[in-house]
1. What are the residues in the range 207-242 that are modelled with pLDDT of 95 or more, more than 13 Å from the chain's Cα centre (by Cα) and among the aliphatic types (A, V, I, L, M), if any?
2. Name the single residue that is most open to solvent (accessible area, probe 1.4 Å) among those in the range 68-84 being in a strand (DSSP E or B) and under 23 Å from ASP95 (Cα atoms).
3. Got at least one residue in the range 149-166 being open to solvent by less than 50 Å² (accessible area, probe 1.4 Å), out of contact with any Leu (no Cβ under 8 Å at 6 or more places or on another chain) and among the polar types (S, T, N, Q)?
4. Test each condition in (1) hydroxyl-bearing (Ser, Thr, Tyr); (2) modelled with pLDDT of 90 or more; (3) exposed (fewer than 10 other Cβ atoms within 10 Å of the Cβ) for SER141 and report the one that comes out false.
5. Determine which single condition LEU185 fails, assuming it passes every other condition in (1) at pLDDT 95 or above; (2) open to solvent by less than 70 Å² (accessible area, probe 1.4 Å); (3) more than 16 Å from PHE26 (Cα to Cα); (4) of a type outside the set (Asp, Glu).
6. Could you list, ordered by first residue, the pairs with Cβ atoms under 9 Å in which the first is in the range 144-164 and within 14 Å of ASP225 (Cα to Cα) and the second is open to solvent by less than 90 Å² (accessible area, probe 1.4 Å) and in a helix (DSSP H, G or I), at least 6 apart or interchain?
7. Would the range 118-127 turn up any residue that is open to solvent by 80 Å² or more (accessible area, probe 1.4 Å) and either at pLDDT 90 or above or under 30 Å from LYS228 (Cα atoms) (or both)?
8. Among the residues of the range 13-33, how many are assigned to a loop (DSSP other than H, G, I, E, B) and open to solvent by 20 Å² or more (accessible area, probe 1.4 Å)?
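The values are calculated or read from the model by the stated rules, or taken from the named source; none is laboratory data. Predicted, not measured: the structure shown is a model, and the values here were computed from it. Ideal geometry is used to build each Cβ from the backbone, glycine not excepted, and the neighbour counts take in all protein chains shown. Ligands, DNA and RNA are excluded from the accessible area calculation, which covers all protein heavy atoms including side chains. Shrake-Rupley method; radii C 1.70, N 1.55, O 1.52, S 1.80 Å.
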Amino acid sequence: MASRLQQIETDESVLLRVTHANLKSFTSDVRFSLQMSVESVKEKLWKKCGTSVNSMCLELYDDSGAKISDLTDNSIPLGFYSPLDGYRLHIIDLDPSSVTSGGWLEDTSLVEKYQISEEAYEKRDDTFRKFKEKLASQNPSAFESKISDNYMEELCANIKVADRCEVEPGKIRGSVKFVGRAESLAPGFWVGVQYDEPLGKNDGMVKGIRYFDCPPLHGAMVRPDKVKVGDYPELDPFDDEEDEI
């Protein structure tokens, strides 16, 4: 074992595809130093998926889907298992009360939502609907649509579903999931984006209409002029951490 550890160069790293047994939609390409201990790998993954280090089991699979090993010894460097770029690191959460269990992080239908009847809402005087009606009665021309149904259509010519993209402001990266008109939004063309990180506002549903599917808080509908498509691979927010042991 000692000779095997000596073969691990201090500057070597590997890019692994990470999946989670409880989070079916979770997948991420993460770069790890081969010098990192298995415990340090778990620490890095805990920040991404929410499974605690003490409850996390790791399995390593090769690029054909064959299981290589269980990473059971927290003190051993990752490089001991000889992972290669493209291998898959699978997370199993042993805590039955974990935030990842039961589908709570993915299925928003499990969350009880407050609802008010149309009759009760109509009786209230402090609603946005009443405020909008008051403004419209005072200045009707301000509420007439001045935006064409083809607004920004030409900017969508080079934007396709599945394109990788970067969205302004903030240079937020993600994948294009929808391109077209959105009846629940203002006239013109919109682009639906699934962000790599939970920086969005929805799960692909806007005002009761579903335009695409994605995890909660990863979806956003933006105008085409805010979207740049191209070679924008997913960023690892923890790349700046000290990975060397």
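1. Residues satisfying the conditions are MET221, VAL222, VAL227, VAL229.
2. Per the stated criteria, the residue is ASP70.
3. no
4. (2)
5. (1)
6. MET152/PRO224; MET152/ASP225; GLU153/PRO224; GLU154/PRO224; LEU155/PRO224; LEU155/ASP225; CYS156/PRO224; ILE159/PRO224
7. No, the range 118-127 contains no residue that is open to solvent by 80 Å² or more (accessible area, probe 1.4 Å) and either at pLDDT 90 or above or under 30 Å from LYS228 (Cα atoms) (or both).
8. Going residue by residue through the range 13-33, those that are assigned to a loop (DSSP other than H, G, I, E, B) are 21-26.
If we keep only those that are open to solvent by 20 Å² or more (accessible area, probe 1.4 Å) as well, we get 21-22, 24-26.
Number satisfying all stated conditions: 5.
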